[in-house]
Structures are given as structure tokens and as C-alpha cells.
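Here is the structure we will look at, set down as C-alpha cells.
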Amino acid sequence: MSNGPPVTAGKSLILDGITQRYGASLAVDTVTLDIRGGELVALLGPSGCGKTTLLRAIAGFLKPTEGRVIIGGEAVDHLPPNKRSVGIVFQNYALFPHMTVAENVAYGLAARGRPKQEQKARVAEMLDLVRLGHLADRFPKQMSGGQQQRVALARALAVRPSILLLDEPFAALDKNLRLDMQIEIKGIQRLAGTTTVIVTHDQEEALSMADRVAVLNAGRLEQFAPPTEIYDRPGSLFVNTFVGAANVFAGRLATAPDGARRVVLDTGEEWATGTGSSLPADARVTACIRPEHLRLVEDGLGLDGTVEIGLPLGSTLVHEIRTRDGRGIKISEPRAPGAGPRPPGTPVRIRPVAPDVVSVFSEARA
Ligand code: ATP
């Protein structure tokens, strides 16, 4: 389906300084997000980081301790959930088991007293959108998990909500079906043009579906950016290690004779880094490098170690290397046809694949 701009752009959604306290504990700490009309944004973070709390604040199930929710330029804080024009799809779909697919999709329209003729036309339009027109008379239990998920989506979209909220919508699906559904639902969202917020703790889901990802940690917003930027230029040590994999080293910053920033690892190796320009010249730093940005090399400078284990994972070769100071480092390289892993115990040398793949952060690793 199309990845282009939505056919009709939905309303914008602004979370303005949302804070939620439960007694003494701070579940959400001054989160501000400016979401464009028609955009699909993922709230990504580990369990307990505040994703569901934010979703509930948008839907109106929770009145946050501080902050405002603004939909299409208008504050909705005083409105109950059924007056906010927000549709929700839950993890368990929450379809009505005694109603047919068509009746489920018509539910919100019937509740709003829309004329029967309009309900019929809209249900047909929605089932067409999710490609389930031929199953209109089935009951939920006669359908697969993926099909039920599409019915739940059609039901949420039938009332033309300004904002669509998806709460861990693929958690109940098996891994293969999940990717198909992610692609499909993103396509449907594009066609409908509805501004959408999806809550997930699955980084692949967030990266594959969202126009922008909001990474949350312990109630705080760590970074809000497009998926490639989150992955390529993580804004914090947390983002670098939570999204994708990272090898983490302690070291200090140094400046090369040409003025370029370098990081001197505590093990003595010196690597170029494209980040850290805002830090003091000799700051203590934590350096991160992703497994796919390291290479096993035969000669020249590098970090020495021995192969602990090698895994041929189809298109990639993954090695776990043990360095002389006992640290485990993961390396992932493209696998040439016929190439296998190096045997355990093989001495190897490791080097970054390019100068700008090492990120440094002022924080120490937690
Ligand atoms: P998960 O992925 O596990 O659903 P989450 O990121 O959605 O987690 P929230 O459910 O928003 O996290 O919870 C954020 C924090 O607020 C957690 O520490 C949680 O224990 C706490 N919390 C949530 N609801 C309440 C409540 N009603 N009373 C007290 N504390 C709560």
C-alpha cells in the first residue's frame, strides 16, 4: 500500500507538559509532544515508562495532574472520553462476541443514532478499507486474530475519529502475522488519514510503523524523531541501548591534531567519533557502537580479543568476542556465500567500520 501522504490529513494532537503523579510517584514527567495531522506516532519504552498513562490522558480516561491535551487546536481537557472524537483499538480487540462483524463495525454509529442507511454505507466502506467485506456476517470467534484486529480497526475508524489510539495492538498475534498486520494497518491509516498514536514496547514495531517515534524512559521523553534518526543518531545513552543493540565502553574524550573529536577507551584504544562536540574536551564519556558497525580485521590498529562463539544467522555472521579485560563484544557482519563463523578461541582484532559510527554520551551507564 501507499507510503505517501494521507489522502485526507487528520487533526493535530498536542500534549502540552503532561505530568501524572500517583501519590509520591511520578508516572509521567512533563511530556510535550507536537503531533501533526495524519501522522502515525509510536510511544515506545519499557514497561512502566508511562505509555499507557499518556494514552489514557489523550482518550480522557485520566485527567493528568498537570498539562493539556489539544486536538485540532482546541483544548479537550474538560471533555469526557465520548466527546473527544478519539477511537481506541485495544490489545485484545474487545469485539462484541454476540454481534456479527458488520454489527460490530456499526456499533459506534448506532450508539450515535446515525440513520440505518448511513450506517450500512459506512460499514461497507470500512469493511472495504480493511478488506473484510466478504466476512460481514461472521461472528468474531469464527475469525483469525489478524482478521479480528482488522474488524476492531474498522469499528474504531467507522465514527471518523479525529485521533486513533492503538494500545499494543499486535501483542496477541504471532511474529509472522504481526509484520503483515503492521504493514497493512499502516497502509489503512495512510488511506484514512487519521492521526494515530500507537503504544508499544516493541522497538521493531515502532521503527517499522511510525512516522516519528517518542522514546520514553521512567516517565520522561528521551527523544522524539523519525525512526532512522532514532536509530542512527540516538539522543541519549538510554535510546542507544534500548533501540537496537549497542556495545558500551567507558572512556574519555580527546581531540585529534586536526581538531576532530576522538574517544580514548579505558582499555587504551582510540576511536574517532562524530558526536560529543557539545561536551568538554576531556569529558568522561560512555561510548556506544552497534554490532553491525564493528568489523573483524586482520591487521592494523584494533581491540584484541578471542572468539567466544560465532553464529551464522542467514544473511549475517554474528560473533561474540571476549576482550583481554574480559568484556563481551557483539559483532554482526554481512555473510558472504559459503562463509561460516570463526571457531571459538580464534584470536581476532576489532575495529569500527567507519569514523562516525561511535556515539558518546556524558552519562555513565546505569
Ligand atoms: P506497560 O508497558 O507495562 O503497560 P506503561 O509504559 O504503559 O507500562 P504505565 O501503565 O503508564 O506504564 O505506568 C507508569 C507508571 O505509573 C508505572 O510505574 C505504574 O506502576 C504507575 N501507575 C500506573 N497506574 C497507576 C495507578 N492507577 N496507581 C498508581 N500507580 C500507577
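A few comments on the model shown:
- Note on the chain: GNM, Cα springs under 10 Å; of ILE329, ILE163, ILE88, the largest mean-square fluctuation is that of ILE329.
- Three-way shape label, the chain, alpha-carbon gyration tensor, a/c 1.5: prolate
- With helices as the sole contributors, the chain gives -7000 deg cm²/dmol at 222 nm; each DSSP H run of n ≥ 4 counts as -39500 (n - 2.57), and the sum is divided by every residue.
- Our note on the geometry: Cα centres of region 42-111 and region 295-322, 47 Å apart.
- Using the Cβ-Cβ distance between ARG131 and ALA171 with R0 = 30 Å, the FRET efficiency computed as 1/(1 + (r/R0)^6) comes to roughly 0.85.
- Leading residue at positive end of dipole, the chain (Cβ point charges), from ALA27, ALA106, GLN91: ALA106
- Comparing SER278, SER162, SER236 in a Gaussian network model of the chain (Cα springs below 10 Å), the most mobile by mean-square fluctuation is SER278.
- When +1 charges are put on Lys and Arg Cβ atoms and -1 charges on Asp and Glu Cβ atoms, the dipole computed for the chain relative to its Cα centre reaches about 1140 debye.
- Contact order normalised by residue count of the chain, Cα under 8 Å, 6+ apart, percent: 16
- Rough spin-label spacing in nm, given labels placed 7 Å along Cα→Cβ, for ALA354 and LEU313: 2.1
- Neighbour counts of other Cβ atoms within 10 Å put ILE350, ILE183 in the fewest-to-most order ILE183, ILE350.
- Choice from LEU109, LEU207, LEU177 with maximal GNM fluctuation in the chain (Cα, 10 Å cutoff): LEU177
- Two-site label geometry, GLU363 and ARG36: point separation in nm, points 7 Å out along Cα→Cβ: 2.8
- FRET E, pair GLU333, ALA254, Förster distance 22 Å, beta-carbon r, rounded to 0.05: 0.20
- Spin-label pair ALA283/ARG114, simplified geometry with 7 Å Cα→Cβ offset, distance in nm: 5.3
- Positive-end residue of ALA256, ALA158, PHE242, charge dipole of the chain with Cβ unit charges: ALA158
- Counting lysine pairs in the chain whose alpha carbons fall under 23 angstrom apart, excluding pairs fewer than 8 residues apart on the same chain, gives 13.
Every number in this text was worked out from the coordinates using simple rules, so none of it is lab data. From a predicted model like this one, the values you see are computed outputs, not experimental measurements. Because the Cβ atoms are built from the backbone with ideal geometry, glycine has one as well, and the counts that use them run over all protein chains shown.
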